[in-house]
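Notes follow the structure.
The values are calculated or read from the model by the stated rules, or taken from the named source; none is laboratory data. This structure is a prediction, so every number in the text was calculated from the model and none was measured. Methodologically, a virtual Cβ is constructed for each residue, glycine included, from the backbone with ideal geometry; neighbour enumeration extends over all protein chains shown.
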Amino acid sequence: MMAGWIFAVFGLLFVGVGGFALVMMMRGKLNATAAAPVRREVVPDGEGLHLPLAAGFAGIKGLPWISWASSDIRPRLVLHPDVVEYGVVRSHRLPYAAVSRVDVRRTAGTCNFVLEFHGRLSSFAGNLVDPGKALLAVQVLAERGCPLSPRAQRLLNEAEGGCQ
């Protein structure tokens, strides 16, 4: 009888410590991503903008909170002069004309930058963590003629209110 109680207490303690460690690891990842600088890289035909992501998601167009693939190992979002490069598992490069909509979504601890493309059922969402980086990405894509969602347009108009 006593052994059962001891096992239960140690089991709960183990689960609690493991859960706490997981939460602390995720907070560290989010804080590191928020603090990471946006890198500018000079390429032959202009300047590329590397945006640091905490995670990347391949989702279903129109349903950004549902994804069929995700990665926090090495997600990628690079805004080149003539193409957007994004990656969850594999890297893809598409011209800005292929972007059908740019959206920005926010929930607790995340600021997701969503790209939807013409002729594709999947979308790309990247967790930028920092609303300032989302604003920078929206500004660059708006300059390149990409259509903005009402949320992204509001973010661009407010320019200091963060993600909506």
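Observations, loosely collected:
- Within the range 128-152, tally of residues that are surrounded by fewer than 16 Cβ atoms within 10 Å (Cβ to Cβ), within 18 Å of the chain's Cα centre (by Cα) and more than 20 Å from Val78 (Cβ to Cβ): 0
- Scanning the range 120-138 turns up at least one residue that is touching a Pro at 6+ places or on another chain (Cβ under 8 Å) and assigned to a helix (DSSP H, G or I).
Yes/no matrix, rows are residues, columns are (1) at pLDDT below 75; (2) among the acidic types (Asp, Glu):
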{"site": "Gly16", "(1), (2)": "no, no"}
{"site": "Phe20", "(1), (2)": "no, no"}
{"site": "Met26", "(1), (2)": "yes, no"}
{"site": "Ala34", "(1), (2)": "yes, no"}
{"site": "Pro37", "(1), (2)": "yes, no"}
{"site": "Glu41", "(1), (2)": "yes, yes"}
{"site": "Glu47", "(1), (2)": "no, yes"}
{"site": "Leu53", "(1), (2)": "no, no"}
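- Residue tally, condition free of Cβ contacts under 8 Å to residues at least 12 places away in the same chain and surrounded by 15 or more Cβ atoms within 10 Å (Cβ to Cβ), over the range 44-84: 0
- Being surrounded by fewer than 19 Cβ atoms within 10 Å (Cβ to Cβ) and touching a residue at least 60 places away in the same chain (Cβ under 8 Å) is a description that does not apply to Leu156.
Residues are listed down the side, and each one gets a yes or a no for (1) touching a Cys at 6+ places or on another chain (Cβ under 7 Å); (2) charged (D, E, K, R); (3) within 19 Å of Gly48 (Cβ to Cβ):
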{"position": "Ile66", "(1), (2), (3)": "no, no, no"}
{"position": "Asp72", "(1), (2), (3)": "no, yes, no"}
{"position": "His80", "(1), (2), (3)": "no, no, yes"}
{"position": "Gly87", "(1), (2), (3)": "no, no, yes"}
{"position": "Val99", "(1), (2), (3)": "yes, no, yes"}
{"position": "Val102", "(1), (2), (3)": "yes, no, yes"}
{"position": "Arg106", "(1), (2), (3)": "yes, yes, no"}
